[in-house]
Amino acid sequence: MEDGRIIELYWDRDQRAIPETAGKYGRMLHGIAWNLLRSREDAEECVNDTYLRAWEAIPPARPGAFRIWLGQITRNLSLDRWKSLRAEKRGGGAELLLGELEDCLPASGGGPERELEDQELAELLNVFLRGLSREGRAMFLRRYWYGESVAEVALALGCGEGKVKSSLFRSRKALREYLEKEGIAV
């Protein structure tokens, strides 16, 4: 079923919207949650919470890029869950991903002014990503958005892990320089 039709099911409050969403995007959403949490139960809970959030948000929301919108919800829920649990051992999951990006992005805070700063940062990240090569962008997004391991990224893109690591290193360095040039303190 096409995304527009699934969204219409939500608008009509038709309960088939959830199974249709799960059938089309469930595997992707589970992958995002699993890559961050490394716990089947926690990943399942975040994905189910994603469906609930979608049900509560549509209407009034009418997401244009439904797949990306759902992925963002799952990712945010998974990161929130990871932060609350903090039970993950060092060296994997969200802790490793956040650690890799720590030197590239400003520290997070709270409050309405932070929301505006986060929107500005998101726009700058989009510009930065559009400036990367197609392969570089794929590596960056697979690693830092979808939470895939370096080995998984290399396998998916048909290249060596060393190439992925060096590309990610250069991308993080370029991101830091770009954000500093744009006046974002990292």
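The values are calculated or read from the model by the stated rules, or taken from the named source; none is laboratory data. This one's a predicted model, so the numbers in the text were calculated from it and none came from an experiment. Note that each Cβ is placed from the backbone with ideal geometry, even for glycine, and that neighbours are counted across all protein chains shown.
Residues in segment 29-66 that are of a type in the set (Ser, Thr, Tyr) and at pLDDT 95 or above were compared, and the one that is farthest from Glu2 (Cα to Cα) is Thr50. What helices (runs of 4 or more DSSP H), lying completely within segment 81-161, carry at least 2 residues that are surrounded by 15 or more Cβ atoms within 10 Å (Cβ to Cβ) and modelled with pLDDT of 90 or more? Counting at least 2 such residues, we get 112-131, 134-144, 150-157.
Scanning segment 7-28 for residues that are hydrophobic (A, V, I, L, M, F, W, C), outside any helix (DSSP H, G or I) and within 24 Å of Val153 (Cβ to Cβ) turns up nothing.
When segment 70-86 is examined, which residues are found to be among the hydroxyl-bearing types (Ser, Thr, Tyr) and over 13 Å from the mean Cα position of the chain (by Cα)?
Here is the first cut: in segment 70-86, the ones among the hydroxyl-bearing types (Ser, Thr, Tyr) are 74, 78, 84.
Within segment 70-86, Ser84 is the sole residue that qualifies.
Just a yes or no: is a residue in segment 51-69 surrounded by 12 or more Cβ atoms within 10 Å (Cβ to Cβ), under 13 Å from the mean Cα position of the chain (by Cα) and at negative phi? Within segment 51-69, one or more residues are surrounded by 12 or more Cβ atoms within 10 Å (Cβ to Cβ), under 13 Å from the mean Cα position of the chain (by Cα) and at negative phi.
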